[in-house]
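Take a look at the structure set out below.
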Amino acid sequence: MQYVSGLERARAALERGSRFPAGALGEIVSKSWQRCVERGLDPRGSPLSSVIEVAELNRKREQNALLRRFAIAEMQMLHQQIAGSNFMIAFGDRDGVVLDTISDHHFADSSDGRTIIPGSLWQEQERGTNALGLAVLERAPVAIYGREHYFSCHGHLSCMAAPIFNAGGEIIGLLDASCSNEARQQHTHALVKMAAAQIENSLIFHERAELLIFAFHPRVEYLDTLSAGLMAISRDGIVHSLNRPSRALLAGLEPTVGSHFEDLFDARLGTAMDSVLGGGIVRIDDRAGSSVFMVCRQFGRGGAERAPAKPVRSSPIVPSRADLGFVCEDPALTRQMRGLEQATRLRLAVHIHGETGTGKEMMARHVHAASGREGAFVAVNCGAIAESLFIAELFGHERGAFTNARNEGSPGLVRTADKGTLFLDEVADIPAPAQTALLRFLDSMEVRPVGGQKAAHVDVQIVSATNRDLKQAVAERRFRADLYYRLSGYDIQLPALRDRTDFAAIVLHLLHQVAPEFAITDEAIERLRLKPWPGNARELKAALQRAVIESDVDYIDENAVAIDQPDLHGTCSECRSHVLARRKCQQIRETYVSVDRNIAEVARLLGISRTTVYKHLRD
Ligand SMILES: Nc1ncnc2c1ncn2[C@@H]1O[C@H](COP(=O)(O)OP(=O)(O)OP(=O)(O)O)[C@@H](O)[C@H]1O
C-alpha cells in the first residue's frame, strides 16, 4: 500500500515535469524513468511505437529459427499453465523485437494486446520503461507492473520478461508474459524465468548432441530440475557449453567455454565418466571445496549404449482449457444456451440449426448432459434410413410384422431413448408419412410398435437438428408446419465458424485434439480466420491435421497455413450497399495492403478489433 502511494507520488511528479522522488520506486524503474526523462520522452504522450516491415520480421525469424522452435514450444507450455488468466506470451529477439505471440484471444483483441504484435519494437528508447526493454538492459528478468511503465498509456499493462542466454552468456532472445491488469503476478514471473531456463537447456542438448552432458547440484534431489548445472564436455575434458546455474554453482571458479573439467572438479574426467556411465550418480568435490552430485544426462553420439535422459521439466503441467471438451465462448451462443437447462426441465423439444460441421451433434449431446437425464443418448440420422423402414426403426415392430422384419422384433429407437434423449439429425429429411407418425408421438409420448397392439408411454427429451432452412421447407409444404412448431420448442442457432468470436479458442481446442504437443502462433490463427470455412469446425480440424502432418517442427506458424489471399478489389459484400460503410471498409482493406497484410498492425493503426478487420477482408 505504501509502495502504491509512493509510486503515485512519483508518477504525479513525473507527469508534472518535476523531479520525482526516486526512493519511492524500485531502483531499476527509477533509473529507467530517469533515462526516459533525459531522452525527452513525454510520459503522457504516445510512445514512439514502431513496427518493422514484414520482410524484416521474416528475416529475423529465419535468423532465429532454432531458438524460435524451442521458444514456441515453451510458450505453448506457459500458455497452458496460465490459460484463462488473460495473458499474452511473447517471444522477442535480442533487440527487443517481438517475433511471435501466443495469447488468450481476449487479451490479443484488447487495446493493450494490440500493442504487443509480431514486429513491434520494445526497446526503452521507444516504449519507455517496459519489461522487454529492461530485461535486455539489465541482463536479468524484470517485471514492470501497471503505472511503473513510463508511458501512462501502458499503465494497465503488467509485463514480466526474462532474457534467454546462449552458452557464452550473451542474450539471444526474450520471453515475456503480459496481461492487462496491474496485479503482481509472482507465480507467472517465476514460470517465465523457468521457461527461459528450459529453452537455454534445450539449446545445449540440441547443439551439443555429440558431447557428454553432465548435470550437477549440491543436493541430489535437484539434479532433475532447472536449478541444476549443465555442462557439455568433449572427451578431452573441454567445456563447450554451460548453463547459467553452472556459473552460479561454481562461482569463484569462473567456469567458461574452454575451461577444463579437471580445473573445475577435483576428479579425473575418466574416473567421473566410469562412475556415471552406467547411469549412476557420483559425488565429487569442486575445486573450491564444495561437494556436488553429478549425473550424465547425455553420452554423446557413439558414446554409449544407454539412451540419453531428457532434461526433466520441473514446472507443473496444468490442464488446459481444451480439456473442457466444448468451446462456447461466443456471446451470441452463450446467450442462447442460458435457457437450455430450464427448457429441458420443461421438456421442450430443442431444435438446433447450423451449417454442416458447426457442431450440431456436439450441441445435442450437450443438451442431453445438461438435462441430467439418466437414459441413453440415441442419435437417428433421418436422412440415412430408407423411407419404408423409417416408422419401424423409430417405433419398433413385432416379430414378423412385415417382410424383412427382424425375427425377434425390435423395440425401436424411441423406446431405447426412454428416460434419455432422442436426437433426430437431418430432421428435414423425414419422409412425409413418418412426419405424421412423429407428430402423433410427440403429442402423446406413446409408442405403438408396427404390428403390435399395445402402446407404451415413454419419457424422452427430443432434440432435432438440420442444416437446411426448415421454415422454407414448411413454406414449400415439404415439411409439416405443426411438426415444425412442435420440434422447435427451444431454438439454438449455431453460428458459422467464420462468424464466431471464439474462433481462436476453437482452433486451440481442435489442435489439442489433433496433436496435444503442438503449438500455434497468434499470427497463424489470424491467417486461418481469413478463410470462409464452408465445412466449419470439421474442415478446420482437417486443415490442422494436414498442417501438423506436413510440419517438420512442433508448431504451426504463419507459413504452415496456406490461404488464398482475399481479393481486395472493392468492399466486402456487407458494406457494398452503404456509402459510409463502404468508405470504412475500403480504408481497412487499403491499410491491410499498405502494412504487408499484417492484421494485428491494421487493428492497431485503426484502433479497431481484429475481428472487425477479418470481417471486412472476407468477400
Ligand atoms: N464448439 C465446438 N467446440 C469444439 N469442437 C467443435 C465445436 N463445434 C464443432 N466441433 C468439432 O467439429 C466436428 C463436427 O461436429 P459435429 O459432427 O457435431 O457437427 P454437425 O454440425 O453435427 O455436422 P453435420 O451437419 O455435418 O452433421 C466434430 O469433430 C467436433 O469435435
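Readers should treat all values here as calculations from the given coordinates under stated rules, not as data from a laboratory. Remember, predicted model here, so these are calculated numbers, not experimental data. Here the Cβ positions follow ideal geometry from the backbone for every residue, glycine too, while neighbour counts run over all protein chains shown.
Computed from point charges on the beta carbon alone (+1 for Lys and Arg, -1 for Asp and Glu), the dipole magnitude for the chain about its Cα centre is near 1380 Debye. Straight-line cross-link reach from K60 at under 17 Å between alpha-carbon atoms covers no lysines, not counting any fewer than eight positions away in the same chain.
Using the Cβ-Cβ distance between R546 and N58 with R0 set to 22 Å, the FRET efficiency works out to roughly 0.45. Of all lysines in the structure, the ones whose alpha carbon falls short of 25 Å from that of K454, not counting any fewer than 8 places away in one chain, are K419. Grab the beta carbon distance between A432 and R582, set R0 = 45 Å, and tell me the FRET efficiency rounded to 0.05. So, using R0 = 45 Å, E works out to roughly 0.45.
Mean silhouette area of the chain, derived from the convex hull of its C-alpha atoms and averaged over all directions, reads 37.8 nm². Relative to the compact-globule estimate of 2.2 N^0.38 Å, the Cα radius of gyration of segment 510-560 comes out at 1.04.
Listing T571, T358, T334 from fewest to most neighbouring C-beta atoms within 10 Å gives T334, T571, T358. Computed over the chain, the per-residue total of -39500 (n - 2.57) for DSSP H runs of n ≥ 4 gives a 222 nm mean residue ellipticity of -11000 deg cm²/dmol, rounded to 500. Along the positive direction of the dipole of the chain (beta-carbon charges: Lys, Arg +1; Asp, Glu -1; about the Cα centre), which of A417, S551, A519 reaches farthest? Working it through, the farthest residue towards the positive pole turns out to be A417. Rounded to whole Å, give me the distance from the Cα center of segment 438-474 to that of segment 531-570. Cα centres, segment 438-474 to segment 531-570: 41 Å. Cross-link partners of K615 among lysines, defined as those whose alpha carbon lies under 23 angstrom from its own and excluding same-chain residues fewer than eight positions apart: K531, K541, K584. Beta bridges assigned by DSSP with both partners in the chain are antiparallel in approximately 70 percent of cases. Neighbour counting of Cβ atoms within 10 Å sorts the residues H260, H105, fewest neighbours leading, into H260, H105.
Ordering 476-486, 420-430, 242-252 by mean Cβ neighbour count within 10 Å, with the highest value first, yields 420-430, 242-252, 476-486. Which one, S241, S259, L226, is farthest towards the positive end of the dipole of segment 217-264 when Lys and Arg carry +1 and Asp and Glu -1 on their Cβ? My answer, from the dipole projection, is L226.
Shown is the FRET efficiency for A251 and E38, computed with R0 = 45 Å from the Cβ-Cβ distance and rounded to the nearest 0.05: 0.85.
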